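Data block below; observations after.
The values are calculated or read from the model by the stated rules, or taken from the named source; none is laboratory data. Bear in mind that the values here come from a model prediction, so they are computed numbers and not experimental data. Cβ: placed from backbone, ideal geometry, glycine included. Neighbour counts: every protein chain shown.
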């Protein structure tokens, strides 16, 4: 028997070879289970839907993770290096941050469900982004836009004015209906609010006058496609005209702060004073703020400062 090498005895364990309907290649391993990434994406989306997450969020999450799963089909093979390589292909820091957030959400879920023992995103450095000043419209820009609406796009006034002079988020104004508007208040219902909290916005006299313009329609009275098409037509008719991200709401906060103070503006906008000063406030002089809140329909008709 000297010189002979005996082969080790292999003991098969039936528990290691069970079939899973979610993934035919699911096997037990020392560090966890090997799972097809796309199958877990489906499980995550189902769980988020049952947890009553917003449809827009679920759609976005599914889009990002489905794309990631095509490149990384097996969950247990994804390392922090793979994730860093993946997000590095996107030149925008905002894109990298969003990708990292989405992938982190995925691995937090996988860890909570027991598919992995660690989250590789925890080994990646958070992405830092400098906060840029918010873009706002000048008083002349606001007047030019409102006069254009008066003459050619009166239907859009019921969408634009509640953002300019009420601080609604665009998505909130898109869902606004006559039943949400009272004599001196606008109600933002929990199902229409980003924070899922009901709030009331006091209607300034200027906002009330704009809401009475003949032909004005609330955002919720449009289909989403029609509203987008009408806004594109408005922007094209004004071109060249500045329209940075969330400019209507940024203008409300910036021109409202000198008149009403931080507490009221933050309350009506539906966020904290910290968020107001960090993301929404641009430098505005008191005299400019007074002019902004004086832009009634009559003022725009009789005292134009901009030739269209």
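Annotations
- Number of the exception - residue 205 against (1) over 22 Å from the mean Cα position of the chain (by Cα); (2) surrounded by 13 or more Cβ atoms within 10 Å (Cβ to Cβ): (2)
Each row is one residue, and each column tells you yes or no for (1) in the same structural domain as residue 173 (by TED's automatic domain parsing); (2) touching a residue at least 60 places away in the same chain (Cβ under 8 Å); (3) under 13 Å from residue 139 (Cα atoms).
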{"residue": "246", "(1), (2), (3)": "yes, yes, no"}
{"residue": "253", "(1), (2), (3)": "yes, yes, no"}
{"residue": "258", "(1), (2), (3)": "yes, no, no"}
{"residue": "268", "(1), (2), (3)": "yes, yes, no"}
{"residue": "272", "(1), (2), (3)": "yes, no, no"}
{"residue": "286", "(1), (2), (3)": "yes, no, yes"}
{"residue": "290", "(1), (2), (3)": "yes, no, yes"}
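- Here the condition is being outside the structural domain of residue 196 (by TED's automatic domain parsing), at pLDDT below 65, surrounded by 10 or more Cβ atoms within 10 Å (Cβ to Cβ) and in contact with a helix residue (DSSP H, G or I) (Cβ under 6 Å, 6 or more places away or on another chain); of 22, 96, it holds for 22 alone.
- Residue among 52, 104 that is in a loop (DSSP other than H, G, I, E, B) and either in contact with a helix residue (DSSP H, G or I) (Cβ under 7 Å, 6 or more places away or on another chain) or under 28 Å from residue 194 (Cα atoms) (or both): 52
- Within region 118-144, the residues that satisfy the criterion of being over 25 Å from the mean Cα position of the chain (by Cα) and in a helix (DSSP H, G or I) are 120, 123, 139, 140, 141, 143, 144.
- Comparison of 232, 147 shows that the only residue that is in the same structural domain as residue 281 (by TED's automatic domain parsing), assigned to a helix (DSSP H, G or I) and out of contact with any helix residue (DSSP H, G or I) (no Cβ under 8 Å at 6 or more places or on another chain) is 232.
- Filter result for residue 81 (more than 26 Å from the chain's Cα centre (by Cα), surrounded by 14 or more Cβ atoms within 10 Å (Cβ to Cβ) and farther than 23 Å from residue 190 by Cα): no
- So residue 107, is it crowded, with 18+ Cβ neighbours inside 10 Å, under 23 Å from the mean Cα position of the chain (by Cα) and free of Cβ contacts under 8 Å to residues at least 60 places away in the same chain: yes
- One residue stands out in region 170-186 among those that are buried (at least 21 other Cβ atoms within 10 Å of the Cβ) and under 19 Å from the mean Cα position of the chain (by Cα): the one that is farthest from residue 222 (Cα to Cα), namely 172.
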